[in-house]
Amino acid sequence: MSEIEKDLPMENKEALTSLLFQLADDDFMYAYRGSEWLGLAPHIEADIASSSISQDSMGHAAMFYSLLEDLGAGNADNLAHMRIASERKNSILTERVNGEGYYMEVPHYDWAYAVVRSYFYTQAKKIKIDSLCGSSYKPLAEIAVKVKMELYYHRLHWETWFKQLMGSTDVAKQKMNKAVELVMADFGDVFSYGNQKLEIEVSRLIESEEDLKAKWHESIKPVFLALQMEAPTIPDLPSKNGRNGEHTKDLDDALLTLSEVSKLDPVAIW
Amino acid sequence: MAKETFYQEYEIFSKRTPNSAFQHQFSLLAPNEDMAFVMAQENFMRREPVADIWIVNRKHVRKMDTEEKMTLGRLENKDYRTTKGYGYLKKKWRQYEQEILDEKEILSWGGERK
């Protein structure tokens, strides 16, 4: 353990742990939902490209979980697989199902929703990661610099899909606009730090919620302007705040599936 | 639009045998595709076996700008995606192969279906 970690005052450690769980759980659930698209995306290259992005994102989650492990929060794999919903701090947006049905049976997933969720989420992630590169917690800043490297491609990938479909047929536009509404309805807690807001901001672990929201809005403006559309606004109050452990049934269902194998034999060596 | 000049730049690709992959060889100046073909053949491929040639006008090549090149960065944390992450499997496999496969073991593979 480095000197910095040992010297963290108590309140600061609670804020740091909370923020790390938010980042880790976000990427973990986002990657999990992405993985459910395997074999189902519109064509084979899209399938491989989006699955690869999901795997990268799972890699980012693993990096954040390992920071938590270093702080004594527990084993990274267990943090990812074994925690119950009320202990999770991911945003509601990342836990939402991909559409109707289940991928093992008859999935009727919505690609427009996947594109909009991924684009808006990745853009938000980029804003956070840029800010985290200057975090007061050095190990987190170092991880952020690494994650940033892969975000260039993730962001370009989803922005390209977004522009293409938004500029496509009337049916495509209609589906995309519906997806934008769905995604924005869940966007209220994406930039929230939950009940650790004050401590997280005062400790300068990352910039304020308000600053990041404004930056996100500025960053998507030009894309919407080019499409002659108005950029959506982030709801002020989330109906549920995932950062405080408030979640939907979608998360319970996802946790049952994703922890099924690791719970079969918790002591197995992988 | 940029002013059209008489000479244009062509990128030349070729392969040595019918089954090998095309490789970028060089670029040359020519007024059109047909001229580029004969120039490529005569100037650069006289002494080598060639099975096929492709000519691409350079203006038709979609290149990456500096910002786009940023998207090529990758992290070195992907052992699990490559077979080298599973190097231990060979040893594990051998261990299982050496265990005696008795009837009880084989029957247990069917498992119980829910």
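Taken together, the values in this text are just the output of simple stated rules run on the coordinates, not laboratory data. Owing to the predicted nature of the structure, the values given are computational and were not obtained by experimental measurement. Here the Cβ is made from the backbone with ideal geometry for all residues, glycine too, and neighbour counts use every protein chain on show.
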Please give every one of the lysines within straight-line cross-link reach of A:Lys13, meaning a C-alpha to C-alpha distance under 19 Å, and leave out same-chain neighbours fewer than 8 residues apart. A:Lys89, A:Lys138, A:Lys197
Over the stretch B:8-60, equivalent-ellipsoid semi-axes from the Cα gyration tensor in Å: 19, 12, 8
Give me the aspartates and glutamates in straight-line cross-link reach of B:Lys90: C-alpha distance below 17 Å, same-chain residues under 8 apart excluded. B:Asp79, B:Glu99
Please say if the stretch A:10-264 is rounded, prolate or oblate, where rounded means a/c under 1.5 for a ≥ b ≥ c the square roots of the C-alpha gyration tensor eigenvalues, and otherwise the choice is prolate for a/b larger than b/c and oblate otherwise? oblate
With the 8 Å Cα cutoff and a minimum separation of six or more residues, chain B has a relative contact order in percent of 23 percent
To the nearest Å, what is the center-to-center distance of the stretch A:197-226 and the stretch B:3-32, using C-alpha atoms only? 49 Å
Give me the angle, in degrees from 0 to 90, between the Cα long axis of helix A:10-35 and the longest principal axis of the Cα atoms of chain A, rounded to the nearest 10. 30 degrees
Give me the net charge of B:Pro49's neighbourhood, meaning all other residues with Cβ under 12 Å from the Cβ of B:Pro49; Lys, Arg count +1, Asp, Glu -1. +2
Per residue of A:145-153, other chain Cβ atoms within 10 Å number on average 4
Relative to the longest principal axis of chain A, what angle (0 to 90°, nearest 10) does the C-alpha long axis of helix A:170-185 take? 20 degrees
Angle between chain A longest axis and helix A:209-226 axis [Cα atoms, degrees, rounded to 10]: 20 degrees
Under the rule rounded for a/c under 1.5, else prolate if a/b exceeds b/c, else oblate, using alpha carbon gyration tensor axes a ≥ b ≥ c, the stretch A:173-229 is classed as oblate
Kindly write out, for the stretch A:89-95 in residue order, the coupling ³J(HN,Hα) from the Karplus curve 6.51 cos²θ - 1.76 cosθ + 1.60 (θ = phi - 60°), rounded to whole Hz, with x marking Gly and Pro. 10, 6, 5, 4, 3, 6, 8
Contour minus Cα-Cα distance for A:Asp211 and A:Ala172 (0.36 nm per residue): 10.8 nm
So for chain A, averaging the separation of alpha carbon pairs under 8 Å that are six or more residues apart and normalising by length, what relative contact order in percent results? 24 percent
Classified through the alpha carbon gyration tensor (a ≥ b ≥ c as square roots of its eigenvalues; rounded if a/c is under 1.5, else prolate when a/b is larger than b/c, else oblate), chain B comes out prolate
